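K.L.:
Quick one: the structure is below, and I'll ask about it shortly.
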Amino acid sequence: MKILVRKLWKWTWRSSLITAVVAAAVIGICWQIYPFPEDLLEAPPSSPLVFDRHGRVLAARVARDEQWRLPIALDQIHPHLVEATLAVEDSRFHQHPGVDSLAVMRAFGHNLIAGEIVSGASTLTMQVCKMLDPSRRTLSTKLKESLRALQLERRIDKEEILELYLNLAPYGGNVRGAEAASRLWFGKSASELSLAEAALLAGLPQSPSFYCPDRHPQAAKRRRNEVLRRMFEEGYIDESTCRQTQAQALHVFPLTGAGRRLGQSGAEHWNAMVLQARAQGGGTTLDLEVQRAVVSLALQHVQSLNQDLHLAIVVIDLAGSEIRALLGSPDFWAPRAGQVNGATAWRSPGSALKPFFYGAAFDRGRLVPSSLVPDQSLQRQGWRPENFDSTVKGWVSAEEALQRSLNLPAIRILEALGVEAGVGVLEAAGLVFAEEAAHRGGLALATGAVEVRLVDLVNAYACLGRGGLHLPWRMFTDQEPVPPRRVLGERSCRQLDHVLSCRNRPAAGLADALPGQSAWFMWKTGTSAGRRDAVAVGHNGRFAIGVWIGDVSGAGHPELVGRQVAEPLLVRLFQHPRLAGEVEPIPLEKEEPLRKPWFQGPEPLRIDFPASEASYLCSEETLALQVQVRPQEEFHWFLNGRMLGQGAQPAPLLELKPGRHRLRAVAKDGRTTQLGFEVRRLW
C-alpha cells in the first residue's frame, strides 16, 4: 500500500509539473502570438461635462455611445467604495498576478460538486479585460481573458487596474463608472459617498439589471447588505458598523430624467452654448452662486409680468469680460418659448445705444455734459422722429437729454458724428450686427432701429466700465486673454458714468436712499418701437449687467417700457450682495473747454453752489444755503421734486434738514439743470 501511495504521489507530482510546464509554454507562445492590444487602453468616449469657474458641475450629457461616463482618478474616489469593491469582487486582488489560482481551484471544486456552474473565478483584472474587449461568454473567451489579465498586470500597476475597473464597471442602465453612478444614483461625487451608498454601488456590477435599485429595491438592499457582510469579514468595518449600515433604507434618484437633473443649475441655456462651442464642454467662466442669485431674482420678478413675456439676464465681470451669469429664460423647460435664449436673440436695444454716441461726441471735444443741444422737431427725407412723450423742450443740456433719453437730441448728435463713425464706435465696443443692418438703420440707430444680442450689449457697457477699453466676452477659463483695445477715452466714460449715475437721477426703488444705503451704479434703459422690447443695462465698476424683457413672438405689449419693467430688476441685481459694486467713482473734475462745439444755443445753466455731490455739515436743526447760478436770471426752482415759491424767481436761500437733496432749475425757455448733494449733522 505504501508503495502504491508513493507511486501515486510521484505520478501526481510529475503530472502537475508537466502540466505546469506545458501551461507555461502555451502561455509563453500565446503571449508572443497574441500580444496585448494597445488600443484597448485608449479611453472610451466620456460624457461631456460643463463646469463653473470653481469646478462645480453645471451639466453633463451621455457620451457618443449613449453611455454615461464621467472619468475620475482613483485618489478622488471615497475609500469606502474601493474597499467594498475589493471585498465583494476580488479580496486577493493585491496577492495574485491577474489570475487567482486558488480561486480557480475553489470554483472548480464547487462547480464539480454542484454539477453546474455556480461559482466563478474571475479576478478584478480579468473583469477589466472583459470590459475592455467584450465577447460572448465561452470557455475560449475565459482563457483569453486570463491571458489578457496576466499581460495587463505586466503593463500597468494594481492601482491603475483598480482605477480602470471603477471607471468601466456597469452600474445599472447605461451608467458606466463609479463617478457617473454616484452622481446619477445619489446626486453627489464618488468622493462624497457614505458607507451604505458605496456598498450599494459595489454590489451592482455583478448583475446591474437584477440589482437595479430604482426597479428592484429589495434585491438591491439584499445585495448591499451582502457587500457589507463581506467588508466585515475582510476587516474593513467592524460588526457594529456593519449592522447599523445594513439597517439603513435605500435612498436613490431614479435614472429617468438623469440628464435634466444634472443640469439643474438654472444655466441650461449657458450649458447649451458651451456644448455648441465645445462638444466636450470644459471649465467655464460662469459662477454658480452668482447664477443662482440671478435666477432667484428673475423668478421673483417674472411673477409681476404678463405670462406672455420672456426675460433674459447677462452678467459680465469687467476685469476680464468673463461671463459670470447668463439666463436665457426664467424656465428652460417651459412649453412656451422656454428654450428660446433671450441672451443671444436678436432684439432692439431701444435707447441703450445713445451713450456711445454721446461718448464719441465727448471724445471729439464737441460736447460736454453741460453743453446745450437742440430738442427741436426735425424732418429727414420724410422721416419725422419724435421723443417718447411726443414733446419738445427747446434747448436742453446734453446731460439732461441723455438722462431723459430724448430722441431728437440723440439723432442730431449722431448726424453730427456721422452714421459711419457711430457704427464704428458701436462695433469697436463689441456690438455685432447683421450684415449691413446698422448702415441701413441710418440716423434711426439713435432710437434703436437695429437688432443686437443682449450678451454683446452688456459687453459694450463693460467697455464703458473699463474706461473705454474693449475686450471680447469669454466663456471658457482656458481662453487665451487678448490685449484690450481703446474705443473711447477714459474721461468720456467717466462723464457718462456721472451723467447716468444713480446718484444724479432716481432709480426704481432707490429714490429715497442715501449714498451709503445703496451701492453705486450707472445705467440706461431702452424701449423699442411698438413696445416689443424693454431693456435696462449698466455697470457698477465691478460687473456689467443687462436685462431684456419682451415677447419672443415679436408682439408689442403696452407695459413694455424699459424704465417700468426692466429697470426695477436691474436695480435689484446691482444691489444684491454678490453683485454690488465695491468702490464709487471719484467725482468729475472741472469740464474742459470745447474745441469746436457742434451746437450753438443760449448760455447753458449752471448751479455753482451748492456743488454737485458735495456734503455740508449742519450744527443746528436746519442749514441755510444760498444758491448761486449762472446766468443770473429768474428760474422755476424745484427742491426734492417740489416747486419753491409761486413762480420764477432769482436764486433762492434754501433751509435744509439733514439728508439727501436734489435741486433743479428750469428756465422760461425750457433749459434746465439739476444736481444732488447731502446735508449731514455735525454730531
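K.L.:
Given the conditions (1) touching a Leu at 6+ places or on another chain (Cβ under 8 Å); (2) at pLDDT below 95; (3) aliphatic (A, V, I, L, M); (4) buried (at least 22 other Cβ atoms within 10 Å of the Cβ), which single one is not true for Leu372?
P.N.:
With respect to (1) touching a Leu at 6+ places or on another chain (Cβ under 8 Å); (2) at pLDDT below 95; (3) aliphatic (A, V, I, L, M); (4) buried (at least 22 other Cβ atoms within 10 Å of the Cβ), Leu372 is out only on (1).
K.L.:
Next question, about the same structure. Within region 592-683, considering only strands (runs of 3 or more DSSP E) that don't extend past its boundaries, which have at least 3 residues that are of a type in the set (S, T, N, Q) and within 44 Å of the chain's Cα centre (by Cα)?
P.N.:
672-681
K.L.:
Quickly run through region 183-215 and pick out the residues that are over 25 Å from Asp75 (Cβ atoms) and touching a helix residue (DSSP H, G or I) at 6+ places or on another chain (Cβ under 9 Å).
P.N.:
Hits for region 183-215 are Gln206, Ser207, Phe210, Tyr211, Cys212, Pro213, Asp214.
K.L.:
Of all residues in region 637-662, which are in contact with a strand residue (DSSP E or B) (Cβ under 6 Å, 6 or more places away or on another chain) and under 25 Å from Val392 (Cβ atoms)?
P.N.:
Selection gives Trp637, Phe638, Ala648, Arg662.
K.L.:
Now, a different point. Any chance region 333-348 includes a residue that's part of a loop (DSSP other than H, G, I, E, B) and closer than 28 Å to Glu399 by Cα?
P.N.:
Yes, region 333-348 contains at least one residue that is part of a loop (DSSP other than H, G, I, E, B) and closer than 28 Å to Glu399 by Cα.
K.L.:
Still on this model: Can you pull out the residues in region 374-399 that are of a type in the set (Val, Ile, Thr) and over 15 Å from Ala667 (Cα atoms)?
P.N.:
Thr391
K.L.:
In region 150-207, which residues are of a type outside the set (A, V, I, L, M, F, W, C), under 27 Å from Pro48 (Cβ atoms) and not in a helix (DSSP H, G or I)?
P.N.:
Of everything in region 150-207, those that are of a type outside the set (A, V, I, L, M, F, W, C), under 27 Å from Pro48 (Cβ atoms) and not in a helix (DSSP H, G or I) turn out to be Pro170, Tyr171, Gly172, Gly173, Asn174, Arg176, Gly177, Gly187, Lys188, Ser189, Pro205.
K.L.:
Now for a separate question. Let me confirm something: among Ala534, Ala544, Ala566, which residue is over 22 Å from the mean Cα position of the chain (by Cα), buried (at least 24 other Cβ atoms within 10 Å of the Cβ) and closer than 18 Å to Leu297 by Cβ?
P.N.:
Result of the check over Ala534, Ala544, Ala566: Ala534.
K.L.:
Could you list, in sequence order, the residues of region 181-219 that are under 20 Å from Tyr165 (Cβ atoms) and among the aliphatic types (A, V, I, L, M)?
P.N.:
Of everything in region 181-219, those that are under 20 Å from Tyr165 (Cβ atoms) and among the aliphatic types (A, V, I, L, M) turn out to be Ala181, Leu184, Ala190, Leu193, Leu195, Ala198, Ala199, Leu200, Leu201, Ala202, Leu204.
K.L.:
Out of region 187-197, which residues are touching an Asp or Glu at 6+ places or on another chain (Cβ under 9 Å) and surrounded by 21 or more Cβ atoms within 10 Å (Cβ to Cβ)?
P.N.:
Ala190
K.L.:
So if I check each of Gly538, Gly526, Gly465, which one is within 30 Å of Gly365 (Cβ to Cβ), touching a His at 6+ places or on another chain (Cβ under 6 Å) and not polar (S, T, N, Q)?
P.N.:
Selected residue: Gly465, the only one of Gly538, Gly526, Gly465 that is within 30 Å of Gly365 (Cβ to Cβ), touching a His at 6+ places or on another chain (Cβ under 6 Å) and not polar (S, T, N, Q).
K.L.:
Now a separate question. With region 45-147 as the region, which helices (runs of 4 or more DSSP H) entirely inside it contain at least 2 residues that are of a type outside the set (Lys, Arg) and modelled with pLDDT of 90 or more?
P.N.:
In region 45-147, 79-89 are the helices (runs of 4 or more DSSP H) which contain 2 or more residues that are of a type outside the set (Lys, Arg) and modelled with pLDDT of 90 or more.
K.L.:
List the residue pairs whose Cβ atoms are under 7 Å apart, where the first residue sits in region 635-655 and is surrounded by fewer than 16 Cβ atoms within 10 Å (Cβ to Cβ), the second is basic (Lys, Arg) and not in a strand (DSSP E or B), and the two are 6 or more positions apart or on different chains.
P.N.:
Close Cβ pairs satisfying both conditions: Ala648/Lys668.
K.L.:
Looking only at region 203-220, how many residues end up being within 14 Å of Gln246 (Cα to Cα) and surrounded by fewer than 21 Cβ atoms within 10 Å (Cβ to Cβ)?
P.N.:
Of the residues in region 203-220, 3 are within 14 Å of Gln246 (Cα to Cα) and surrounded by fewer than 21 Cβ atoms within 10 Å (Cβ to Cβ).
K.L.:
Just one of Ala325, Ala293 is touching a residue at least 24 places away in the same chain (Cβ under 8 Å), closer than 17 Å to Val537 by Cα and touching a helix residue (DSSP H, G or I) at 6+ places or on another chain (Cβ under 9 Å); which is it?
P.N.:
Selected residue: Ala325, the only one of Ala325, Ala293 that is touching a residue at least 24 places away in the same chain (Cβ under 8 Å), closer than 17 Å to Val537 by Cα and touching a helix residue (DSSP H, G or I) at 6+ places or on another chain (Cβ under 9 Å).
The values are calculated or read from the model by the stated rules, or taken from the named source; none is laboratory data. In this text the structure is predicted, and so the values were computed from the model without any measurement. As a convention, Cβ positions derive from the backbone with ideal geometry for all residues, glycine included, and neighbour counts pool all protein chains shown.
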